[in-house]
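Right, one structure below, let's go through it.
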Amino acid sequence: CDLVRYCSIACQRDHIPKHLRKCTKRVAELREELLFKQPASTHREDCPICMLPHHLDTKKCTMLNCCSKMICDGCCHAYLFSGAEKHRCLFCRTFLPSGDEQIAKQRLKRIELNDPVAITSEGLGLDKNGDYVKAFECYTKAAALGDIEAHHRLAMLYHWGQGVEKDKRKEMYHFKEAAVGGHPTARHNLGCDELNNGNPEKAAKHWIIAATHQSKVL
């Protein structure tokens, strides 16, 4: 909570019973400040080639299996019409896979390297095919590695009870983690929850932040 400093572990242990209530209150206040702070960008961040913000529409960019980088359509088209050597990754310059088998090998390699984007991508495929238990495992691992989309997907699984029992507390935790990381859909869902709980002012704050995210990339 940063309210006090201790000279030793023993001193801290002796003082905690007197300080615990203030500490808990301050931690909640700091968490609230972080939650309603406008993130610098969305969870999709910037294209690593042109450094412009990615569009929220996932169809307007391509994920490269060799390095898990998201490249915007503009850079992909520019590359195709340039005189650069073809059949290489725009970012890491690895030769592009020639078939599904090589694509699978590249994806597996990234997963083995604990690449959170690759792990989330694997989870999305499992999720789409209805294997929610394995998707949950992928999202959990990716979220622990810091992937924002994984937090949002975990919140949705907890909301619908897919692959895991419904849990409102965990659902809200993952929505908040995703919102802090710049996920506008998670932020919108938090606003809806606040409105349903009779907190229109907090709901409006969430929606304003989400709308600001949208305006930066439309």
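The values are calculated or read from the model by the stated rules, or taken from the named source; none is laboratory data. These numbers were taken from a predicted model, which means no experiment stands behind them. Cβ sites come from the backbone with ideal geometry, for glycine too, and all protein chains shown count toward neighbours.
So residue 50 passes all but one of these: (1) farther than 27 Å from residue 119 by Cα; (2) touching a strand residue (DSSP E or B) at 6+ places or on another chain (Cβ under 8 Å). Which condition number does it fail?
(1)
Among the residues of segment 82-98, is there at least one that is assigned to a helix (DSSP H, G or I) and either of a type outside the set (Lys, Arg) or surrounded by 12 or more Cβ atoms within 10 Å (Cβ to Cβ) (or both)?
Checked segment 82-98: no residue is assigned to a helix (DSSP H, G or I) and either of a type outside the set (Lys, Arg) or surrounded by 12 or more Cβ atoms within 10 Å (Cβ to Cβ) (or both).
Of all the residues that make up segment 99-118, how many are in a helix (DSSP H, G or I), touching a residue at least 12 places away in the same chain (Cβ under 8 Å) and surrounded by 15 or more Cβ atoms within 10 Å (Cβ to Cβ)?
Count: 6.
Check off (1) assigned to a helix (DSSP H, G or I); (2) in the same structural domain as residue 204 (by TED's automatic domain parsing); (3) surrounded by 13 or more Cβ atoms within 10 Å (Cβ to Cβ) for residue 42 and give me the number that stays unchecked.
Evaluating residue 42 over (1) assigned to a helix (DSSP H, G or I); (2) in the same structural domain as residue 204 (by TED's automatic domain parsing); (3) surrounded by 13 or more Cβ atoms within 10 Å (Cβ to Cβ) leaves (1) as the failure.
Touching a Phe, Trp or Tyr at 6+ places or on another chain (Cβ under 9 Å) and either without any contact (Cβ under 8 Å) to a residue 60 or more places away in the chain or of a type in the set (Gly, Ala, Ser) (or both): does that describe residue 66?
yes
Consider segment 5-22. How many of its residues are closer than 24 Å to residue 202 by Cβ and either in the same structural domain as residue 204 (by TED's automatic domain parsing) or not in a helix (DSSP H, G or I) (or both)?
Total meeting the criteria: 0.
Only one of 178, 211 is within 13 Å of residue 36 (Cα to Cα) and under 18 Å from the mean Cα position of the chain (by Cα); which?
178
So which pairs qualify, if the first residue must be in segment 134-152 and in a helix (DSSP H, G or I), the second must be among the polar types (S, T, N, Q) and surrounded by fewer than 24 Cβ atoms within 10 Å (Cβ to Cβ), the Cβ gap must be under 7 Å, and the two must be at least 6 apart or on different chains?
What qualifies is 152/185.
Just checking, does segment 68-77 include any residue being surrounded by 15 or more Cβ atoms within 10 Å (Cβ to Cβ) and among the β-branched types (Val, Ile, Thr)?
The answer is yes, given that some residue of segment 68-77 is surrounded by 15 or more Cβ atoms within 10 Å (Cβ to Cβ) and among the β-branched types (Val, Ile, Thr).
Somewhere in segment 55-62, is a residue over 26 Å from residue 210 (Cα atoms), surrounded by 11 or more Cβ atoms within 10 Å (Cβ to Cβ) and modelled with pLDDT of 90 or more?
Scanning segment 55-62, I find no residue that is over 26 Å from residue 210 (Cα atoms), surrounded by 11 or more Cβ atoms within 10 Å (Cβ to Cβ) and modelled with pLDDT of 90 or more, so the answer is no.
How many of the residues in segment 128-151 are farther than 12 Å from residue 174 by Cβ and surrounded by fewer than 18 Cβ atoms within 10 Å (Cβ to Cβ)?
Final tally of qualifying residues: 9.
Which one of these does residue 25 not meet: (1) without any contact (Cβ under 8 Å) to a residue 24 or more places away in the chain; (2) in the same structural domain as residue 115 (by TED's automatic domain parsing); (3) not polar (S, T, N, Q)?
Condition (2) is where residue 25 drops out.
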